[in-house]
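Accompanying notes for the structure given below.
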Amino acid sequence: MEHSSVQPAPSKLNKVPEITLVFWLVKIMSTTIGETGADYLAVNVGWGTAITDVVMSIFLVGALMLQLRNRRYVPAAYWLTVVLVSIVGTQITDLLTDNLGVSLYTSTLVFSGILASIFFFWNRSEGTLSVHTIFTLRRELFYWGAILCTFALGTAAGDLATEELGLGFRVGVVVFLALIAGVGLAYRFKLNAVLAFWMTYILTRPLGASLGDYLAQARKYGGLGWGTVNTSLGFLSVIVLAVTYLGFTQKSLEEVKK
Amino acid sequence: MKNIRLLVVIVLQIFPLLPRASAGEAASKLGDLSEFRTVVVDTQNFALKGDLAKAKIRVKDLETSWDEAEPALKPRSAKEWHAVDKAIDRALEALRANPQNAELCKKSLAELLSAIDHKEHLN
């Protein structure tokens with residue numbers, strides 16, 4: 001029963017959402033939760049990193065099974081998976097940095113390499129990297145593999161810039177926004193859409209983290225002083241509202257034009 | 001005269017060619033760490049009195065507040081941040097060991113205090 005339901009969906013429905021402003025807003029907020037959520041469980045709740053990592057990975061596998069089993073895009077399952085990928089992607093980098101002593105330069109390079117090879121094999125196997133035609137199991141696995149990798153890479157590159165190189169989260173927000181705007185502008189001038197999408201996907205990770213830090217950090221540190229718990233709960237509520245809204249208005253039931 | 005002095009100060013702020021603050025002042029690039037220092041001193045006092053159970057409870061406050069402040073403090077000096085962070089990890093490890101080794105707890109807390117006071121890693 002488990003097996004038969006994870007077969008490639010026979011229909012031609014795209015399993016992932018179209019790229020809209022709401023898509024990016026929810027994605028950025030998921031990122032903040034990825035940054036603070038796991039930390040909250042590990043430190044404040046006192047689970048420690050080991051248990052938190054295991055629990056979150058199990059949740060991710062569960063959510064991914066649910067997402068893969070669906071035959072069409074279901075906002076709740078899709079975005080639950082993104083939030084958990086965000087948490088686990090962050091945990092992978094943190095584990096390497098904090099526990100195994102891997103430098104952020106190394107992890108940034110390694111994740112760039114892994115991401116590049118995922119794209120290489122994805123393109124070779126499917127002949128396209130389009131996120132508008134995710135309707136087979138294999139394509140969807142490439143998609144989620146790439147997404148997990150962008151979160152790990154975004155964490156490593158973002159922490160490298162804001163923490164190790166001392167940019168700080170305030171300058172970070174401005175810099176990452178400017179870089180995203182640059183990608184958007186380049187897209188207007190015919191930058192490849194696939195490249196623009198994935199570059200934005202990577203850059204929104206450190207943007208979300210810096211933005212979350214800006215809202216959460218104490219005023220004496222230059223933040224707004226909301227605290228991590230309130231910031232995360234606030235973002236989580238907005239995500240739930242947005243996803244509920246998307247659930248009512250989703251358009252991806254439309255058949256993908258071949 | 002005042003203007004010239006102001007100009008020099010501004011230029012030095014923008015181009016800190018000379019190492020900031022003489023070594024004697026031992027000003028941490030991390031800024032004001034007194035809030036964390038207080039918790040370490042509290043913990044140390046419990047440990048010195050032999051109340052390692054209370055020390056273990058109190059040190060949790062340090063773990064939480066230090067972790068919370070990471071995005072703000074680490075950019076100021078990643079190197080100094082790592083030095084203090086490692087010292088905190090060692091103290092947490094000692095206080096959470098089962099069974100606790102009283103000498104190790106005291107030693108790690110003393111080292112943590114000097115890391116916070118910027119005594120061990122002046123280069």
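Rule-based calculations on the coordinates, nothing more; no lab input. The model shown is predicted, which means the values in this text are computed figures rather than measured ones. With ideal geometry, Cβ positions are generated from the backbone for all residues, glycine too; neighbour counts draw on all protein chains shown.
Which residue fluctuates the most in chain A, going by a Gaussian network model with Cα springs under 10 Å, if the choices are A:Tyr187, A:Tyr221, A:Tyr105? Result: A:Tyr221 has the largest fluctuation of those listed.
Couplings 3J(HN,Hα) for the range B:49-62, derived from phi with the Karplus relation 6.51 cos²θ - 1.76 cosθ + 1.60 (θ = phi - 60°), are 7, x, 8, 6, 5, 5, 4, 5, 5, 5, 5, 4, 4, 5 Hz, where x marks Gly and Pro. 3J(HN,Hα) along the range A:172-189: x, 4, 5, 5, 5, 4, 5, 5, 5, 4, x, 5, x, 5, 4, 5, 4, 9 Hz, from the Karplus curve 6.51 cos²θ - 1.76 cosθ + 1.60 with θ = phi - 60°, whole Hz, x for Gly and Pro. Across the protein assembly as shown, counting alpha-carbon atoms alone, Rg and Dmax equal 23.8, 85 Å. Straight-line cross-link reach from A:Lys15 at under 12 Å between alpha-carbon atoms covers these aspartates and glutamates, not counting any fewer than eight positions away in the same chain: A:Glu140, A:Glu254, A:Glu255.
Remind me, relative contact order of the range B:34-123 in percent, using alpha carbon pairs under 8 angstrom and six or more residues apart?
33
Note on chain A: GNM, Cα springs under 10 Å; of A:Gln67, A:Gln217, A:Gln91, the largest mean-square fluctuation is that of A:Gln217. For a 23 Å ceiling on Cα separation, which of these pairs sit above it: B:Lys29/B:Lys54; A:Lys27/B:Lys60; B:Lys54/B:Lys107? From B:Lys29/B:Lys54; A:Lys27/B:Lys60; B:Lys54/B:Lys107, over 23 Å: B:Lys29/B:Lys54; A:Lys27/B:Lys60. Relative to a virtual label point 7 Å from the Cα of A:Leu21 in the Cα→beta-carbon direction, which members of the range A:181-210 show backbone nitrogen distances below 20 Å? So the set is A:181-189, A:197, A:200-201, A:204-205, A:207-208. I need the shape label for the range A:71-228. Rule: rounded when a/c is under 1.5, else prolate if a/b > b/c, else oblate, with a, b, c from the alpha carbon gyration tensor. Note, shape of the range A:71-228 comes out prolate. Axis angle, to the nearest 10 degrees, between helix A:104-126 and the longest C-alpha principal axis of chain A: 10 degrees. Taken over the range A:1-134, the ratio of Cα radius of gyration to 2.2 N^0.38 Å equals 1.18. Once the Cα atoms are used to define both axes, helix A:193-216 deviates from the longest principal axis of chain A by about 30 degrees. The Stokes-Einstein estimate for the range A:174-254, based on a Kirkwood radius over Cα pairs and taken at 37 °C with 0.692 mPa s viscosity, is a diffusion coefficient of 220 µm²/s.
By the Stokes-Einstein formula, at 0.890 mPa s and 25 °C, the range A:157-199 with its Kirkwood radius over alpha-carbon pairs has D equal to 219 µm²/s.
With a simple spin-label model that places each label point 7 Å from the Cα along the Cα-to-Cβ direction, the separation between B:Ala53 and A:Ser112 comes to 5.4 nm. Relative to the dominant Cα principal axis of chain A, helix A:137-159 is inclined by about 10°.
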